[in-house]
Amino acid sequence: MITRNEAHRAVIGPHKPDKISVETTRLSLTALKPSDLDSFMAVFADKNSARMTHAIPHPLDRSEAERLLADMAATPFTHWAIRLEDEQLIGIISLTKSACGTTGGIHSFGPNLSVFIAPQWQGQGYAIEATDGLLRWVKKRKLHRIIHAAHFADNEPSASALITADFLYTGRKTMETSLAREGEHLALHMIRIL
């Protein structure tokens with residue numbers, strides 16, 4: 001899930017974030033840039049997509065999308081564009097130290113993984129491929145040992161993708177909010193050990 005107040009700045013050696021690309025069979029994970037705005041909006045403009053996040057409102061207007069994109073781009077190595085070979089942005093993957101629900105103690109599993117693919121590109125394995133690619137990159141650099149993920153209980157595609165990407169349920173359940181839906185909703189928490 002994309003959550004509110006993500007304020008983690010990773011330091012990955014002397015490399016500039018806009019020069020790093022994580023490559024998979026069909027995708028490149030690269031830094032977000034201002035020219036990604038229209039594609040960024042396409043990822044989150046769909047009401048069903050926005051409902052699965054904490055911090056994306058629906059409808060998503062251009063000025064709010066510009067602010068969100070700028071905030072994500074300002075935190076190196078936390079939010080990555082998921083791009084096809086032709087450089088088209090089809091999704092966003094993030095790995096942040098934000099927390100879902102109650103934090104601290106036994107519930108501090110590690111950074112939080114979120115993946116969102118634009119509706120027209122869903123169901124083709126891109127979320128799983130991007131997740132595996134980013135987590136291989138993290139493991140190779142020994143940045144984290146445990147990765148946390150959560151999904152709203154009514155988000156069956158995310159549950160399936162996370163299970164396929166070797167995440168396991170922890171048994172932790174929290175009530176979470178979303179700017180794109182009313183009230184609190186059940187979120188289920190998972191981890192993957194690298």
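The values are calculated or read from the model by the stated rules, or taken from the named source; none is laboratory data. Computed from a prediction, not measured in an experiment: that's the story for all the values here. What goes into the accessible areas is simple: the full protein's heavy atoms, side chains included, and nothing from ligands, DNA or RNA. Shrake-Rupley method; radii C 1.70, N 1.55, O 1.52, S 1.80 Å.
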>> What are the ³J(HN,Hα) couplings of the stretch 38-44, residue after residue, when phi is run through the Karplus curve with 6.51, -1.76, 1.60 and θ = phi - 60°? Round to Hz, x for glycine and proline.
In response: 4, 5, 4, 4, 5, 5, 10
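Could you tell me whether the chain comes out rounded, prolate or oblate from its Cα gyration tensor? Rule is a ≥ b ≥ c as square roots of the eigenvalues, rounded for a/c under 1.5, then prolate if a/b exceeds b/c, otherwise oblate.
rounded
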>> Give me the percent of accessible area attributable to carbon and sulfur for the chain, probe 1.4 angstrom.
In response: 52 percent
> Non-local amide H neighbours of residue 46 (under 5 Å, H modeled in plane, Pro and chain starts lacking H): which ones?
Replying inline: none
> Expressed as a rounded percentage, what relative contact order does the chain have, with Cα pairs under 8 Å and six or more residues apart?
Replying inline: 24 percent
>> Under 5 Å between amide hydrogens, which residues at least 5 positions from residue 32 or on another chain qualify, with H placed 1.01 Å from N in the peptide plane?
In response: 81
> Using alpha-carbon positions, what is the distance between the centroids of the stretch 26-78 and the stretch 110-135, in Å?
Replying inline: 14 Å
>> Run the count for the chain, please: Lys pairs, Cα-Cα under 24 angstrom, 8 or more apart or on different chains.
In response: 17
> Can you run phi through the Karplus equation (6.51, -1.76, 1.60; θ = phi - 60°) for the stretch 123-136 and list ³J(HN,Hα) in whole Hz, with x for Gly and Pro?
Replying inline: x, 10, x, 5, 5, 5, 5, 5, 4, 4, x, 5, 6, 5
>> Please list 3J(HN,Hα) in residue order for the stretch 45-54, calculated via the Karplus relation 6.51 cos²θ - 1.76 cosθ + 1.60 where θ = phi - 60°; whole Hz, with x for glycine and proline.
In response: 5, 5, 4, 5, 5, 4, 5, 8, 10, 7
> Kirkwood hydrodynamic radius of the stretch 114-164 from all distinct Cα pairs, in Å?
Replying inline: 12.0 Å
